[in-house]
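Here the structure comes first, spelled out in C-alpha cells, and everything after it is commentary.
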Amino acid sequence: MSEWLVLTLAMAAACAVVLAIVVINHRRIPEDDDPNETPDVIEYMTMMIGVIYAIVLGLAIAGVWEARGAAQEVVRQEAQAMHEISERVEVYPVPVRAQIRADVDAYVSYVVNEEFAHMAEEGEVTEEGDALLGKVRRSVTDYEPANDFEGQAYQPLVDQVMVADDARGARGQSAGETMPGVVWFGLIIGALVSVGLIFTLQIRRTGRELLLAGLYSALIAFLLFLIWDFDAPFGRGLAATAAPFTDLFPQVTE
C-alpha cells in the first residue's frame, strides 16, 4: 500500500472519529446546557497541553529529519570515496587500473540495484556487499607500487577505501528505525489526549467548530505520519536515495 494512501486514510479516519464523537456527544447534551460555563482553568490546561505536545512533535520531526539527512550524507561520502578510488588509479598500469575499476563498478552496481532495496525491507546491509567491498580493498592494497609516482597514489587510495568502509558501516547503522518504542507511545498517547481535550470545551455541532475539529485532528494525523515516514531513513516514501552513486557512476544504471 502506498505511503500517501496510508496518510490519506489516516487523516480521513482521524477526522471521521472526531466528528462522529462530536455528533454523538452533542445529542447527549441537555437543551439548557450553557457552553459559556466551561471553567477558565480547563481552557488554560487545554492550551498548555496543546503547546507542550506541539513542542514534542516538533522535536520528534526535527530528530527524524536530522537522521534522514545524516543517512543521505553517509551515502554521499561512500559514493564520493568510491569515485575517488576509481579516478586515482589512473596512475596505475592498465591491467591493475582496469581490475580496480571493475571491482568498484561491481560494488556500486550491487549497492544501487540490490542492497538499497534490501535495506528498505530488512533494515540492514548485506554480506554480499561486505564481500564486494572487501574485494575492492584487496585489489587496492595487494598491488605493490612500481615507482615513486605510483607510491604517492597508494596511501590516498587506501585512505579512500577506509572512508568508504566507515561510511558503509554508518549506512548500515542508519538503515533501521530510529525512534524508540517508548517515544512512539508518548506521541500516540499525546495525540489522543490533545484531540480528546477539545471535547472538554463543550464543542458544538456548528460548521465552524466541526471544521476546526476536523482540521486539528487531520493535522495531528499528518504530523504523526511524517514522523513515521522519516523514521526509517532508507525504508519509506521520503527515504534517502542512491542518487549520489548514480550521479557519479551513471553506467551502473544502464
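The values are calculated or read from the model by the stated rules, or taken from the named source; none is laboratory data. This one's a predicted model, so the numbers in the text were calculated from it and none came from an experiment. Please note: Cβ atoms are built from the backbone with ideal geometry, for glycine as well, and neighbour counts cover all protein chains shown.
Before we move on, is Ala79 modelled with pLDDT under 90, in a helix (DSSP H, G or I) and under 30 Å from the mean Cα position of the chain (by Cα)?
Answer is no for this residue.
Could you figure out which of (1) modelled with pLDDT of 90 or more; (2) among the hydrophobic types (A, V, I, L, M, F, W, C); (3) surrounded by 15 or more Cβ atoms within 10 Å (Cβ to Cβ) isn't true of Ala71?
(1)
Inspect the stretch 112-125 for any residue being of a type in the set (A, V, I, L, M, F, W, C) and not in a helix (DSSP H, G or I) and give the result as yes or no.
Checking the stretch 112-125: at least one residue is of a type in the set (A, V, I, L, M, F, W, C) and not in a helix (DSSP H, G or I).
Taking the stretch 99-111 as the search range and keeping residues that are closer than 16 Å to Phe245 by Cα and in contact with a Ser or Thr (Cβ under 6 Å, 6 or more places away or on another chain), which one is surrounded by the most Cβ atoms within 10 Å (Cβ to Cβ)?
Here the residue is Val104.
Mind counting the residues in the stretch 160-175 that are polar (S, T, N, Q) and at pLDDT below 85?
Residues meeting the conditions: 1.
For Glu114, state whether it is loosely packed, with under 14 Cβ neighbours inside 10 Å and either in contact (Cβ under 8 Å) with a residue 40 or more places away in the chain or more than 18 Å from Ala175 (Cα to Cα) (or both).
no
Before we move on, is Gly129 among the small types (Gly, Ala, Ser) and either within 30 Å of Ile52 (Cα to Cα) or loosely packed, with under 13 Cβ neighbours inside 10 Å (or both)?
Criteria not met by Gly129.
Taking the criterion of being assigned to a helix (DSSP H, G or I), surrounded by fewer than 17 Cβ atoms within 10 Å (Cβ to Cβ), touching a helix residue (DSSP H, G or I) at 6+ places or on another chain (Cβ under 6 Å) and touching a residue at least 40 places away in the same chain (Cβ under 8 Å), would at least one residue in the stretch 139-147 satisfy it?
The answer is no, given that none of the residues of the stretch 139-147 is assigned to a helix (DSSP H, G or I), surrounded by fewer than 17 Cβ atoms within 10 Å (Cβ to Cβ), touching a helix residue (DSSP H, G or I) at 6+ places or on another chain (Cβ under 6 Å) and touching a residue at least 40 places away in the same chain (Cβ under 8 Å).
Residues Ala170, Ala81, Ala62: which one is within 28 Å of Phe230 (Cβ to Cβ), surrounded by fewer than 19 Cβ atoms within 10 Å (Cβ to Cβ) and either touching a helix residue (DSSP H, G or I) at 6+ places or on another chain (Cβ under 9 Å) or of a type in the set (Ser, Thr, Tyr) (or both)?
After ruling out the rest, the residue left standing is Ala170.
Collect the residues in the stretch 207-251 that are within 17 Å of Met82 (Cβ to Cβ), touching a helix residue (DSSP H, G or I) at 6+ places or on another chain (Cβ under 9 Å) and either at pLDDT below 75 or not hydrophobic (A, V, I, L, M, F, W, C) (or both), keeping them in residue-number order.
Across the stretch 207-251, the qualifying residues are Ala240, Thr241, Pro244, Thr246, Asp247, Gln251.
I'd like the residue in the stretch 176-201 that is in a loop (DSSP other than H, G, I, E, B) and crowded, with 17+ Cβ neighbours inside 10 Å and, out of all such residues, is modelled with the highest pLDDT.
Restricting to residues being in a loop (DSSP other than H, G, I, E, B) and crowded, with 17+ Cβ neighbours inside 10 Å, the top hit is Met179.
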